[in-house]
Amino acid sequence: MATGTEPPATDPHHRSGGVRTGTRAAIAAPHLRTDRWWLAPAATAAGLLAFVVYSTWRAFANADYYAAPYVSPFYSPCLAENCEPMRAGPNWELFGSWWGISPAIIILIFPLGFRLTCYYYRKAYYRGFWASPPACAVAEPHAKYTGETRFPLILQNVHRYFFYAALLVACVLTYDTVLAFRDEHYAWGHMGLGTLVFLVNIALIWAYTVSCHSCRHIVGGKLKHFSRHPVRYRMWQWVGRLNARHMQLAWASLLSVALADFYVYLVASGVFDDPRFF
C-alpha cells in the first residue's frame, strides 16, 4: 500500500548509503524536530572538551600534585621514581629512573580507558563530536554506518577489562581518602576541607564505577533463575537502580575528580592553606 513517502525511482538526490537509502521514508527535511535539539550535543561536547583540556594540562604539568596529606587523583597511585615523596602514600616505584615524563601518564590510561569505553560516554561523544547521530530523530550526515565492528571502535569491547582496572584505581583512591584524615604533619585524627572534597569524590567515583553496565552484567547478567540466587538478585537490583542514574553519576564523578585535583593544586601551589575542621 502506498503511503506517499516512498522514494521516487529517479530521485536525483537519492543516495546509495547512509540513512537515506531506498528502504527509508522519503522525507525531504533533514529532521522534523522543532525543539533546540542541538543544545544537548553541543553542551556535551563543550563539557568533555573542557575536561580533556584541563586534565591534559594537569597530567603533563608534573607539579603541584601533592600537599600532605592530599595527593591528586590524577597522580595516584604514583608508580615512577620521579614521584613526590609521600609518607605512607600510594607511591610505588615500579618504573625506574628511565621514566622522565609525568607519572600521571602511567596511571591515567586506566580510568581514561574505562570512561572512553563506557556505554554512556560512547553515546556522549558519538553525538557530541561525530554526530552519529547528533540527536534522536535527527539523521546523521555519514554516508554509511558500520557501528563498532571495525578498528578503532571495535576496541570498545575491552570495556569490561577496563572495569576491573577501574576497581583497583577506586580502591587506591579510597586509601588516599583514608590518608586525608591526617594533618600536614601526618598525625591521625584530623579533618580539613580537603578531606571533605576527597570524601565526596570517592563516593561519586564508587557510585559511577558500580553503576557501570559491565558491573550489572557481572553481578547478575548471566543468571537464568533469580530465585536460586537471592543475594546476587538483590545486588543486581541495587546496581540496576544505580545504573538508571549512570549518566548523572558519570558527569558528577567527572566533575568531582577534576575538582579534587584542582583543590590539591591550589593547596600545593600555595594559593591558600587547607582549612582545618579539627
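Roll a 1.4 Å probe over the protein heavy atoms and report the accessible area of THR149 in Å², nearest 10. Answer for THR149: close to 100 Å² accessible. The residues of region 128-205 expose on average 55 square angstrom of accessible surface per residue, using a 1.4 Å probe on protein heavy atoms. Legend: residues SER55, SER211, sorted from most to least accessible area (1.4 Å probe; ligands, DNA and RNA excluded), read SER55, SER211. Taken over the alpha carbons of the chain as equal point scatterers, the Debye sum produces base-10 log I(q)/I(0) values at 0.10 Å⁻¹ of -0.67.
Working ranking of peptides 74-80, 129-135, 171-177, 203-209 by packing, defined as the average number of other Cβ atoms within 10 Å per residue, highest first, is 74-80, 203-209, 171-177, 129-135. DSSP beta bridges fully contained in the chain are about 75 percent antiparallel. In the chain, the longest principal axis of the Cα atoms and the axis of helix 39-61 are about 30 degrees apart. When the surface is traced with a 1.4 Å probe over the full set of protein chains, GLU84 keeps roughly 90 Å² accessible. In region 91-173, the portion of solvent-accessible area held by carbon and sulfur atoms comes to 69 percent [1.4 Å probe, whole percent, DNA, RNA and ligands not counted]. For region 138-278, what class follows from the C-alpha gyration tensor (a ≥ b ≥ c being the square roots of its eigenvalues): rounded when a/c is under 1.5, otherwise prolate if a/b is larger than b/c, else oblate? In terms of gyration-tensor shape, oblate. For region 193-278, the fraction of 1.4 Å probe accessible surface lying on carbon and sulfur atoms is 66 percent. Rounded to the nearest 10 square angstrom, PHE262 shows an accessible area of 80 square angstrom against a 1.4 Å probe. Using a probe of 1.4 angstrom and keeping all protein chains present, the accessible surface of region 211-276 works out to 60 square angstrom per residue. Taken along the Cα-to-beta-carbon direction at a fixed 7 Å, the label points for GLU140 and TRP57 span 3.3 nm.
Against the chain, whose longest principal axis is taken from its Cα atoms, helix 193-210 shows a tilt of about 40°.
Angle between the Cα long axis of helix 159-179 and the longest principal axis of the chain, 0 to 90 degrees, nearest 10? With rounding to tens, the tilt is 30 degrees.
Find the accessible area per residue for region 23-127; the probe is 1.4 Å, ligands and nucleic acids are left out, and the unit is Å².
Dividing the accessible area of region 23-127 by its residue count gives 53 Å².
Counting only protein chains, not ligands or nucleic acids, how are TYR145, TYR265 ordered by accessible area (probe 1.4 Å), most first? Write out the running numbers ahead of the final one.
On the way: TYR145 165, TYR265 55 Å².
These residues rank, largest area first, as TYR145, TYR265.
Compute, for the chain, the length of the dipole vector about the Cα centre, with Cβ point charges of +1 (Lys, Arg) and -1 (Asp, Glu) only. Units Debye, rounded to 20.
In total the dipole reaches around 1580 debye.
The values are calculated or read from the model by the stated rules, or taken from the named source; none is laboratory data. The structure presented is a predicted model; accordingly, all values stated were derived computationally and were not measured. Positions of Cβ are backbone-derived with ideal geometry, glycine not excepted, and every protein chain shown enters the neighbour counts. Protein only, heavy atoms only, side chains kept; ligands, DNA and RNA dropped before computing areas. Shrake-Rupley method; radii C 1.70, N 1.55, O 1.52, S 1.80 Å.
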